[in-house]
Amino acid sequence: MESATQHDNRIHPVDRLQAGYAKAMAAHRELLQDIVACDDERIWDDGAARDFPHWLATELGISSWTARRWIIAAHALPSLPRLAAAFGAGSLSLDKVLDLCRFATPTTERKLITWARRVSPACVRETANVAVATSKQDAVDRDKERYLHYWWTDDQKVLALQGVLPADQGAVVAKALDRLAGRLPDIVQDDEDDTPLPEGTLDARRADALYAMCSRAIAEDQDADRATIVVQAELGALVAATSGCKIENGPVIHADTALRLCCDARLQTVVLNGGGKVVGIGRASRTVASWLQRQLRYRDGRCTFPGCEAKWFLHAHHIRHWIKGGPTDLDNLVLVCHWHHKLVHEGNWNVALKGNEVSWYRPDGRRFEPGRSPPNPSEDQRDRRLAAA
């Protein structure tokens, strides 16, 4: 004689899944009925709980937001018999039912059930958000909850951000970040490298967009002293990259990063000798004069990395850094965007300028040509030596 377990195992897994889901929805339907009973009898009103949502959230270990949604649905379902039946039979999910109960009526529930079966839970929630008017007090409460918190990790290598904004402010920030992220140059890959781009590329571009927005705000600040970033570094560390450099009241950064900051930014550099004595204090202004920047923009027009169309937030990069004796003149400067500027200093790429022609070279010495690889690395290294000469 077959056991019940053996008989159940012959049922298709999808059928068991659907049957189990229907039982779960029926149980949720009974749970909502019990919520109404608890509210009607006011068993929560013992003085310990602030209100019924507070009591329910504590009793069941759920969030206050979830508790409020369950209470709304629990009280709405008795007047929505078709929706309650569909819910109990498992033909509508809990997510959809909770949002349908926010705006469904006895005259609209039939059409809404048919519609809700065809669309996603997100679509149902979006429709409910539009249908249910937000109270003025709710808007005031959301505004009071806004905050932005930042902190350095223990090793001070990463700045972490966490914040909450009301919908109107959040929409502005999201639009600005996504708009600027769409302007940023794509992450450069070696065309011989088949490694796919990371899944978080868009998130990385948004992070770069936030940095660009803050950089622009600092650059346009009228109070130069308060908007200046001070980098403290030993002269030998900058030249030989033997140790890190310290940002005033901030973290330690790599010497190559400090050199990139020194290329063309409004920052004040305090250079120390080996004994810690100050040997020079840079001007609290850009190292490239405005008249020279205009000539540079006229000549290059945009970021000089092949294929990069960036025209915003460009830096004047010293091909031979000024701290290593490179002159600040047109023949030693090229325009680069922030992201390709990092490619040179922290990514070990190189740039050469011959006349008005700018050439970019990979860390292994091969000249970068978009869309194809150099046919002969040795020939490309020869071109680089000629360009450098």
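The values are calculated or read from the model by the stated rules, or taken from the named source; none is laboratory data. These numbers were taken from a predicted model, which means no experiment stands behind them. Please note: Cβ atoms are built from the backbone with ideal geometry, for glycine as well, and neighbour counts cover all protein chains shown. Accessible surface areas use protein heavy atoms only, side chains included; no ligands, DNA or RNA. Shrake-Rupley method; radii C 1.70, N 1.55, O 1.52, S 1.80 Å.
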Taking first residues from region 319-332 that are closer than 17 Å to TRP349 by Cα and in contact (Cβ under 8 Å) with a residue 12 or more places away in the chain and second residues anywhere that are among the hydrophobic types (A, V, I, L, M, F, W, C) and assigned to a loop (DSSP other than H, G, I, E, B), the pairs with Cβ under 6 Å that are 6 or more apart or on different chains are ASN332/ILE319
In the list ALA73, ALA37, ALA85, which residue meets the criterion of being of a type outside the set (Val, Ile, Thr), assigned to a helix (DSSP H, G or I) and more than 25 Å from VAL124 (Cβ to Cβ)?
ALA37
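Conditions (1) under 34 Å from the mean Cα position of the chain (by Cα); (2) not in a helix (DSSP H, G or I), marked per residue:
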{"site": "SER91", "(1), (2)": "no, yes"}
{"site": "ASP95", "(1), (2)": "yes, no"}
{"site": "ASP99", "(1), (2)": "yes, no"}
{"site": "ALA104", "(1), (2)": "no, yes"}
{"site": "LYS111", "(1), (2)": "no, no"}
{"site": "VAL124", "(1), (2)": "yes, no"}
{"site": "ALA128", "(1), (2)": "yes, no"}
For region 294-314, which positions are touching a helix residue (DSSP H, G or I) at 6+ places or on another chain (Cβ under 8 Å) and open to solvent by 40 Å² or more (accessible area, probe 1.4 Å)?
GLN295, ARG299, TRP312, PHE313
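Do we find that ALA181 is open to solvent by less than 50 Å² (accessible area, probe 1.4 Å), of a type in the set (A, V, I, L, M) and at pLDDT 80 or above in this structure? Talk me through it step by step, then tell me what you get.
On the way: open to solvent by less than 50 Å² (accessible area, probe 1.4 Å): yes; of a type in the set (A, V, I, L, M): yes; at pLDDT 80 or above: no.
No.
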When you go through ARG102, ARG117, ARG69 one by one, which is the residue that is open to solvent by 70 Å² or more (accessible area, probe 1.4 Å) and within 21 Å of ALA26 (Cα to Cα)?
ARG117
Could you count how many residues in region 40-54 are under 17 Å from TRP65 (Cα atoms) and assigned to a helix (DSSP H, G or I)?
3
Of (1) under 14 Å from ILE35 (Cα atoms); (2) of a type in the set (Val, Ile, Thr); (3) open to solvent by 60 Å² or more (accessible area, probe 1.4 Å), THR107 fails just (1)
Using the structure shown, decide if THR134 is of a type outside the set (A, V, I, L, M), open to solvent by less than 50 Å² (accessible area, probe 1.4 Å) and modelled with pLDDT under 90.
no
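Confirm whether LYS157 is within 29 Å of the chain's Cα centre (by Cα) and among the basic types (Lys, Arg).
On the way: within 29 Å of the chain's Cα centre (by Cα): yes; among the basic types (Lys, Arg): yes.
Spelling it out, LYS157 is indeed within 29 Å of the chain's Cα centre (by Cα) and among the basic types (Lys, Arg).
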Within region 138-169, how many residues are open to solvent by 70 Å² or more (accessible area, probe 1.4 Å) and within 19 Å of ALA204 (Cβ to Cβ)?
6
Within region 323-346, which residues are under 25 Å from TYR211 (Cα atoms) and either open to solvent by 50 Å² or more (accessible area, probe 1.4 Å) or in contact with a Pro (Cβ under 7 Å, 6 or more places away or on another chain) (or both)?
CYS337, TRP339, HIS340, LYS342, GLU346
